[in-house]
Amino acid sequence: MRGHGRRRAAMVVSAVVVSLSLLAAACGDDDDEDTEATTAETGNSGGGEAADDDAATDDTDDDTDDDTDGGDAAAATTVAPMTETEAEMSPVSGEVDISGSSTVEPISIRVAELFEDVAPDVSVTVDGPGTGDGFKLFCAGETDISDASRQIKDSEKEDCFANGINNIVELKVGVDGIAVMTNADNTAVDCLSFGQLFDLIGPDGEGASTWAQASAGLPDAPLDIFGPGEESGTFDSFIEIVLEDLAEEAGVEATTRTDYSPSGDDNVILQGIQSSDTSLGWVGFAFAVNAAGVKLLDVDGGDGCVTPTPETIASNEYPISRDLWIYVNADKAANNPAVVAYVDFYVSEALDQAVSEVGYVPLTQQAHAETAQRWNTRSLIN
Amino acid sequence: MISRLSDDKSRAAIAASIEGRRVDARGLLFRALLQACLLMTLALLAVLLITVAFDSTEQLTTRFWDFLGGTLRSQSGDDKLGVHQGIYGSMWIAIIVALLAFPVGIGGAVYLEEYAPRNRFTSFIEVNIRNLAGVPSVVYGLLGLALLLNGQIFGLDRLTGGRSTLSGGITLAILVLPIVVITSGEALRAVPTALREGAYGVGATKWEMIRTQVLPYAAPGILTGTLLSMARAVGEAAPLILVGAVTGRLGDNPGLFELSALDDRFTALPIVITSWTQQSGRDTGFAAAAAAAIVVLLALVLLMNSAAILLRNRFEKKRG
C-alpha cells in the first residue's frame, strides 16, 4: 500500500505544470467578467459596423466640425509649449492599432513614445509587416492607421470601399532619401544618372573592377563599392527607386551586384567610402549629410542633376527620395478619441523630431502645414 | 589455444593487443574521426554562445533589470528598451501549450498505445502523426492564420479575438501536439509487459492497470518529452509572425497573470529577437539588444530543460 501511495504522490507531482497554470487562472478570476464583457463588445462592434455605416458617417461630420475648431486653435499656436498640449490630452485613454510599412514603422513608434509622455493612458500598438499587408488589415477594418512607404493603390482603395471603409485620410509624414557618395577627394565624378548607377551597382556590374569597365565614359579608376546589406531597408529602397525599372528593361533580376562590401552598420559604410579615393556607396541621406570625408553625388533621374539637400529631398526634386505616408480610418477616429489624440499629436511639431530621430528627412514647413490641414479638415481620399 | 592458431592472422592481432607493440592505426583513426565530429559540433556551439554572450554583455551588465523590465522601443539607446513583453508573451504561450497540448497529446498517446487495436488504420494514423511532427513550423502558422484569425472554419476567430495571445498559444499547441503524442507513446511502449500482466493478475481493470502501473512508470519519459516540446514551442518565431505577433511596439502592458492578456495583442521572445535583428540595419545598437534577448531566451529554455531533468530524476527515484 505504501508503494501505491508513493505512486499516487508521483502522479500529483506530475500535474505540477497544470496546477500552476490553474493557479494562474484563479489569480486572474477578478478580471474574468471584464474580459468577457470586452469580448462581447468586440463581437458586437464587428457586426454592427456595417449597419451603422450611415450613422457613423454623420458622426464624422459632426466631429469634424468640432475637431477643426480645436485643430485650428492648435495650429494657430504652432509653437505652443508642451504643457498646454499635456493639459489638453491627459484624460484621453483607449487603444490605437497601427500596421503597415516597416519603413514608416519607426516613425509611428517614435511618435507613440513621445505621445506616451503626454497621454500615458493611450496604448498604441505598431506593427510592420509591409505596406501591402498593412493595407489588407486596414481595409478589413482591423487597424486604425496604416503606415505606407507608397501611396495607396487603386485596387487597395476599392478593397477598402468594398468593405465599407469609405472615409480615409491620407497624410504625408516624412521623406526617405538615399545619398549616393564617393570619397571627398574624388573630383572626377560629380553626378551620376540612374543608368550609370544601374551599370555600376546593378547585377550587370558584377566583376567590373573600374568605373570605366562598369559604365563607358566614367574614369578608368578602381571601383570600390560599399553599401547596406540585404537586411537593410535602405538596400530595398535603393533597388525599388533606382534599379527596379532599369532591371526590368534589361531583363535581369532587380538586385545589386554581389561583389561589393555590404554592411549593416552605416558607420562601416562611411569608413569604406573614406578609405578609398575612388569609392562609391549609398546610405540613408540623414546619415551621410554631416559625415566628414565623403562627397554626396548629384543624381540625374532623367530631369538633370540634382544635389541632395533636405529641401530637394523633401520636395522630391532629388530623384532617390520617396514620400512616407500614414492612412487614418476616419470612422474609427470618430469613435475613438485615442486615435484622434494620437494623430493630432502625430501631425504636430512632434513629427519633425520623430522623423529626424529615426533617420528620415522631415517635411518642408509647407508640406507639414498641409498635412496638419488635411487632418484637421479630415480631407478624405476618393 | 594459441598454439593451434599459430599460423592464423588472428594470432598476430591477439598478440598485438596483448603486447601492445603494434598500433591499430585504423581503429585509432576512426576514433579520432569521431572525436573530431564531436569537437566540431561543440566548437560551433561554443562560437555561437561566445559571440552571443560577448555581444550581449553591454546590455546585460550595465542595465540587467532595466533590460528585463523594458519594452519594445524605436531606438536601441532608449532607457526603456527591454524584453518584459516578450517574456510575458512566451510564458503565456507556454501555459496555453501546457494546458492544451499536454492533456490532449498524452491522452491520444495512451489511447493509441493501450486501447487502439493494432490494424492498418491505426498504423496509418501513427505514420501520419510522425509526418506531422516533421512539417515546417510556418505551415502551422498558416493553419493558425486560416483557423484562428480568418475564422475560415467554425468561426474560431471570435473565440480567440484574432491576433491575440490565445491564437499564438493555440497555434503552437497544435505545432507540438504530434511531438507530445510521439514522445509519450514511446514512453508508454517502454513500460514492461510484466507490470501490465501483474496488474491484471491481481484483478485490476484496464483503467486501474493504466492508472496505477503504466502511467506512473511512464511518467518520467512522458514528462521529459512534453517539457522538451514546450521548449520547442517557446523558441518558435515563424508561426507567431503569421498569427499577428507584434514586432514594433506593443501598447498594452498588462501584468503577468492578468487574463485580459489572452485576447490582446502579444509578442514573444523569439519575435523580439527577430525584430531587433532586422532593425539592426537601421540602428546598429539593436544587434547587441538582440544578443541580450537571445541570452534571456536561452536562460528560459535551459530553465525549462533543467526542470524536466529534475522532475525526471525525481520520478525515476520513486519508480526505483
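The values are calculated or read from the model by the stated rules, or taken from the named source; none is laboratory data. Computed from a predicted model, the values in this text were never measured in an experiment. Methodologically, a virtual Cβ is constructed for each residue, glycine included, from the backbone with ideal geometry; neighbour enumeration extends over all protein chains shown.
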(request) Having 1 or more residues that are over 26 Å from A:ILE109 (Cβ atoms) is the bar; report the strands (runs of 3 or more DSSP E) wholly within the stretch A:277-382 that clear it. (result) A:279-284, A:294-296, A:298-300
(request) Please determine, by comparing only the residues of the stretch B:290-312 that are in contact (Cβ under 8 Å) with a residue 12 or more places away in the chain and not hydrophobic (A, V, I, L, M, F, W, C), which one is surrounded by the most Cβ atoms within 10 Å (Cβ to Cβ). (result) B:ARG312
(message) Which pairs turn up if I take residues in the stretch A:81-107 that are at the interface with chain B (Cβ under 10 Å from one of its Cβ atoms) and farther than 13 Å from A:LEU324 by Cβ and look for partners that are at pLDDT below 75 and outside any helix (DSSP H, G or I) with beta carbon separation below 8 Å, at least 6 apart in sequence or on another chain?
(response) A:GLU95/B:ASP252
(message) Looking at (1) more than 7 Å from every other protein chain (Cβ to nearest Cβ); (2) touching a residue at least 40 places away in the same chain (Cβ under 8 Å); (3) touching a helix residue (DSSP H, G or I) at 6+ places or on another chain (Cβ under 6 Å); (4) not aromatic (Phe, Trp, Tyr), which one does B:THR277 not meet, given that it meets all the others?
(response) (2)
(request) Quick one: count up the residues across the stretch A:191-210 that are in a helix (DSSP H, G or I), over 12 Å from A:GLY301 (Cα atoms) and touching a residue at least 40 places away in the same chain (Cβ under 8 Å). (result) 5
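So which residues in the stretch A:217-238 are within 27 Å of the chain's Cα centre (by Cα) and away from every other protein chain (no Cβ under 14 Å), if there are any at all?
Step one: of the stretch A:217-238, the residues within 27 Å of the chain's Cα centre (by Cα) are A:226-238.
Of everything in the stretch A:217-238, just one residue is within 27 Å of the chain's Cα centre (by Cα) and away from every other protein chain (no Cβ under 14 Å), namely A:PHE226.
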(message) For the structure I just gave you, tell me whether A:PHE161 is surrounded by fewer than 21 Cβ atoms within 10 Å (Cβ to Cβ), outside any loop (DSSP other than H, G, I, E, B) and modelled with pLDDT of 90 or more.
(response) yes
(request) Give the residue, chosen from B:LEU215, B:LEU172, B:LEU227, B:LEU223, that is crowded, with 19+ Cβ neighbours inside 10 Å, more than 14 Å from chain A (Cβ to nearest Cβ) and under 30 Å from B:ARG314 (Cα atoms). (result) B:LEU172
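Matching residues to (1) within 14 Å of B:TRP276 (Cα to Cα); (2) within 14 Å of chain A (Cβ to nearest Cβ); (3) surrounded by 19 or more Cβ atoms within 10 Å (Cβ to Cβ):
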position	(1), (2), (3)
B:GLU58	no, no, no
B:LEU68	no, no, no
B:SER76	yes, yes, yes
B:LEU81	yes, yes, yes
B:PRO103	no, yes, no
